[in-house]
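Here is the structure we will look at.
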């Protein structure tokens, strides 16, 4: 009787192990499908649909920098376009008022073009690297695609 009971116990144990293995494979498959399936597209997904209607000029960086050639307080300007967001970093070499720095930064919107301002978002970072002490910097600003106003 002990051998028969032992045989039934090992069959039940094998069945339970089989069920456990199947469950682990199902969990692994669902984990993969939830987190990794469908990620073979672009990193933006469908968020850039219609961007071909709002093409930025190839000379955008030079056009923006040209707006500030006569400004001696503006140092280095860095422009970077990532998807629908244009990042503009401006460094000021002379201590100026916050309102003046903000108005100088907003001047860059002219080069982007009014039709593109309704599609692209603009992010500003204004920094100061001059000799004098200035606690007003850095200044961060943003212009939403649904608004023509820059929020600081």
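Among the listed residues 37, 66, which satisfies the condition of being over 26 Å from the mean Cα position of the chain (by Cα) and either assigned by TED's automatic domain parsing to the domain that holds residue 103 or not in a helix (DSSP H, G or I) (or both)? Talk me through it step by step, then tell me what you get.
Working: 37 fails: over 26 Å from the mean Cα position of the chain (by Cα).
Criteria check complete, one pass: 66.
Which ones in the stretch 134-150 are over 18 Å from the mean Cα position of the chain (by Cα) and without any contact (Cβ under 8 Å) to a residue 24 or more places away in the chain?
Filtering the stretch 134-150 down to residues over 18 Å from the mean Cα position of the chain (by Cα) leaves 134-139, 147-150.
Result: 135, 138, 147, 149.
Taking only the stretch 79-92 into account, find how many residues are out of contact with any helix residue (DSSP H, G or I) (no Cβ under 9 Å at 6 or more places or on another chain) and touching a residue at least 12 places away in the same chain (Cβ under 8 Å).
Number of matching residues: 4.
Within the stretch 122-137, can you find the residues that are buried (at least 16 other Cβ atoms within 10 Å of the Cβ) and touching a helix residue (DSSP H, G or I) at 6+ places or on another chain (Cβ under 6 Å)?
Matches in the stretch 122-137: 124, 126.
Looking only at the stretch 81-98, filter to residues that are over 21 Å from the mean Cα position of the chain (by Cα) and in a loop (DSSP other than H, G, I, E, B); which one of those is surrounded by the fewest Cβ atoms within 10 Å (Cβ to Cβ)? Step through it out loud before you land on a result.
Taking the stretch 81-98 and keeping what is over 21 Å from the mean Cα position of the chain (by Cα), we get 91-98.
Next, from what is left, pick out any that are in a loop (DSSP other than H, G, I, E, B): 93-97.
On the way: 93: 15, 94: 15, 95: 15, 96: 21, 97: 10.
Per the criteria, the residue is 97.
The values are calculated or read from the model by the stated rules, or taken from the named source; none is laboratory data. Note that the coordinates shown come from a computational prediction; the quantities given were computed from them, not determined experimentally. Virtual Cβ from ideal backbone geometry, glycine too; neighbours counted across all protein chains shown.
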